[in-house]
Amino acid sequence: MSEQLALLPGYLTAHLQLSLVALAIGAGVSLPLGIWITRRPGLEPGVLGLASVIQTVPSLALLAIMVPVLAGLGAFTARFGLELQGIGYAPALIALSLYSLLPMLRNTVAGIRSIDPALIEAARGVGMTDRQCLLRVELPLGAPVIVAGLRTATVWVVGTATLSTPIGATSLGNFIFSGLATRNDTAVLVGCVAAAGLALLLDGLIHALEVGVRDRRRGLSAGAGALLALLCTWTGATLALPRSNAVSGVVAIGSKAFTEQYILADLLARQIAERSGAGTRKVPSLGSTVAFDALVNGDIDVYVDYSGTIWATIMKRGELPSDRAQVLAGVERYLTERHDLGLVAVLGFENTYSLAMRADHARRLSLTSISELARESPKLELGGDYEFFGRAEWRALRRSYGLAFRARRSMDPALMYRALANGDVDVISAFSTDGRIAAFDLAVLDDDREVIPPYDAIVLVGARLLRELPQVVAALRELDGRIDAATMRRTNLRVDGEGATPSQAADELLARIRAEALPDPG
Amino acid sequence: MIEIAALTKRYGERAAVEDLSLVVERGELVVLLGGSGSGKTTTLKMVNRLIEPSSGSVRIAGRDTRETSGPELRRGIGYCFQQIGLFPHLSVAENIALTPSLLGWDAARIRARVDELLELVELPADAYRDRAPDALSGGQQQRVGLARALAAEPAVMLLDEPFGALDPLTRDRLQQSFRRIRAELGLTALFVTHDMVEAMLLGDRIAVLQAGRLVQLGTPAELSRAPANDYVASLMETPRRHAAAVDALREGA
């Protein structure tokens, strides 16, 4: 609990930076736009329709779409010397700003429309100009409805901002995503309670300010206004601090959203800090391809990926050779030649896709290999992570073994294991080093036809690190070949089964690496 | 004081008001009388340019109304209408103070004027100044509406069925108050109504409108004596006809 609470100020500040600025941009756009379309009723269906369309895009998808959009935009603006980050704050901010438009836009229009036409006639009759009518009559009278829109947008944006974590923007979602991935319910709870609390606080403050102004209660409006101003000032001040890697010389370490990745990110951070003296910061819980894009764009400097993943998803080679060395060589050549990235260490273990079942279930059906699974598959249900069914491995498995499951479901990896344990699905796609295989007493079915290609864990670094920080690269190279599969699985189990934090597990792993010179694998 | 010349308003093919000319002398109240769709409200609103005329002109105190901007023009003309339109987010005093504040009067002068006006419309200033409009009865609201229209000492008043939505007794009391205020201030006014009794009671002269045209303009006596057409004749007959019907009912009871 205390480790989670120690992270709270940082995550809360980042969450405020996203939410408040997104709301400010949203309000800054939708208030004038809303007023403008009340003057031109012909535009109303078009503008509100567009805002509704944005709203119907699922929020996670809207955030994800911003990554390639900004990367494309960044390539364009780079010609004019303007750098745009493809992941992190910028795409999350744009998505959240767009998301906040509809409630504010709709309520601005509704608020102004709802005003009795007699009052507009009276305003003109006493000699107000259009501007005076807007400021003295329409906005004050429309305010309750307009503020209601702001409050709705506030609750939405604060809630949705938790989903910016997978695209690399720090938020309270970091608690939730890492907590789900590492079976840390405390972290999930802290993230949810903090996000809900923040939403309620902001909503309450805006409401108090509105009531204070409406009822002319000075104390109430001054108190709420002061607190809001304090939050905005804090947000603005922290935003003004430099955050760019290039300026600070800090190494940004990415990780995807599962236990092994959190542990390895902590391991890299510790190794870099102790062996090169460079500062580090973590960009955790990235989507799988977001991490690679982030490295290419220079938004992160280093992360751990897997050779087969790069081969299949990034290089988009259809056929995967089952020879480890061939894949590694192909991946390294591709990284160097196409993207100016470096492959600086092969950690020494593979983390391959595999198919797993509950051990007792497998025993009952007497299944030990995927060939044997094939004959039972029409009676069984398969669960896979979001990527699995779109991947070449799944197609290869299905083709070579003739797998035909009764049903298949995509789900979050964190929930997949629980679904298997509960009997909601019979077979899942599992990672071979996953600590949960032991924690949930699962049996991994043997890939007896060697269909699944090698997934060597590899440390990838960006161009900046290669050029400017050779001492960091040297520190990372020391990890080459130092972690075998058994060690990784045991370390993962420390988090997934025994309640250690990723950083504790990483410390233990690093101590083990340093203490005993592990035999070089393969 | 108000010189309307060949005033016309067209909406597409249809003419709401056509070629209407009319002069209101200083201190005079002219009633625009007619049924719905006769163009009386359109005519009134063209005087303060809430509706822009298609053609023709309006001069107030010798000045063409097109020489000043609409808002500036309207600050010099009192405007009072049936829906009243008091602003619910402002107090009674703030409502009355609107035009003076738009004209940049200083606070002390505005405050004195508001109190003076409240007394004029028979609402004790101390009791009513800080009330919310919603807390007033319909009759009290229109008294405030009248005070608001009079606030900046306008040269001309435009009134569009100001007492039309009030119950008969309240309407009667407001009409009496209005007659007194008019006499006190010597107001020049155009007054729209479809109520024949109100027209005869308040108007120095009555302008009868029919389908956007001025049919006849004259004192109540002139209209009764020599109606220009059957419409005017039957209009002038209505109060008497009503009175006769009411008498008959009374006697029958």
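Think of it as helices only: each DSSP H run of n ≥ 4 in chain B is worth -39500 (n - 2.57), and spread over all residues that comes to -12500 deg cm²/dmol at 222 nm.
Summarised as an ellipsoid, region B:94-202 has semi-axes of 24, 17, 11 Å, derived from the eigenvalues of the Cα gyration tensor scaled by 5 and square-rooted, with the largest first.
Using 0.36 nm per residue and subtracting the Cα-Cα separation, the extra length available between A:Ala196 and A:Leu50 on full extension is 49.7 nm.
Here r is the Cβ-Cβ distance between A:Leu43 and B:Ile51 and R0 is 22 Å; the resulting FRET efficiency, rounded to 0.05, is 0.35. Rounded to two decimals, the Cα-based Rg/Rh of the protein assembly as shown, with Kirkwood Rh, is 1.22.
Just how far, in whole angstrom, is region A:325-386 from region B:1-49 if you go by their alpha carbon centroids? Region B:1-49 and region A:325-386 have Cα centres separated by 87 Å. A dipole drawn for region B:53-141 from +1 and -1 charges on Cβ atoms has a positive end, and of B:Ala135, B:Ile110, B:Gly70 the residue lying farthest that way is B:Gly70.
Calculated on C-alpha atoms, the gyration radius of chain B divided by its Kirkwood radius gives an Rg/Rh of 0.99. When the convex hull of its Cα atoms is viewed from all sides, region B:31-112 shows a mean projected area of 7.4 nm².
Ranked by the mean number of other Cβ atoms within 10 Å of their residues, highest first, the peptides B:162-174, A:488-500 come out as A:488-500, B:162-174.
Helix A:44-56 and the longest principal axis of the Cα set of chain A meet at an angle near 30°. For region A:136-256, a Kirkwood radius taken over Cα pairs fed into Stokes-Einstein (37 °C, viscosity 0.692 mPa s) yields D = 194 µm²/s. Cα convex hull, region B:71-139: 101 Å³ per residue, rounded to a whole number.
Peptide B:77-89 shows a mean partner chain C-beta count of 5 within 10 Å per residue C-beta. Counting only Cα atoms, I'd like the Rg/Rh figure for region A:75-200, Kirkwood definition for Rh. Result for region A:75-200 is an Rg/Rh of 1.20.
About its Cα centre, how strong a charge dipole does chain B have in debye, to the nearest 20, once Lys and Arg get +1 and Asp and Glu get -1 at the Cβ? Show your work: numbers first, answer last.
Working: 30 positive and 33 negative charges, 62 e Å.
The dipole magnitude comes to about 300 debye.
Using the Stokes-Einstein relation with a Kirkwood hydrodynamic radius computed over Cα pairs, the translational diffusion coefficient of region B:158-253 at 10 °C and a viscosity of 1.306 mPa s comes to 107 µm²/s.
Number of Lys pairs in the protein assembly as shown with C-alpha atoms less than 26 angstrom apart, excluding same-chain neighbours closer than eight positions?
Working: A:Lys256/A:Lys282; A:Lys256/A:Lys316; B:Lys9/B:Lys40; B:Lys9/B:Lys45.
Counting lysine pairs in the protein assembly as shown gives 4.
Under the criterion of Cα pairs below 8 Å and six or more residues apart, the relative contact order for region A:417-522 equals 33 percent.
Read the figures in this text as sums done on the coordinates, not as results from a lab. Owing to the predicted nature of the structure, the values given are computational and were not obtained by experimental measurement. Please note: Cβ atoms are built from the backbone with ideal geometry, for glycine as well, and neighbour counts cover all protein chains shown.
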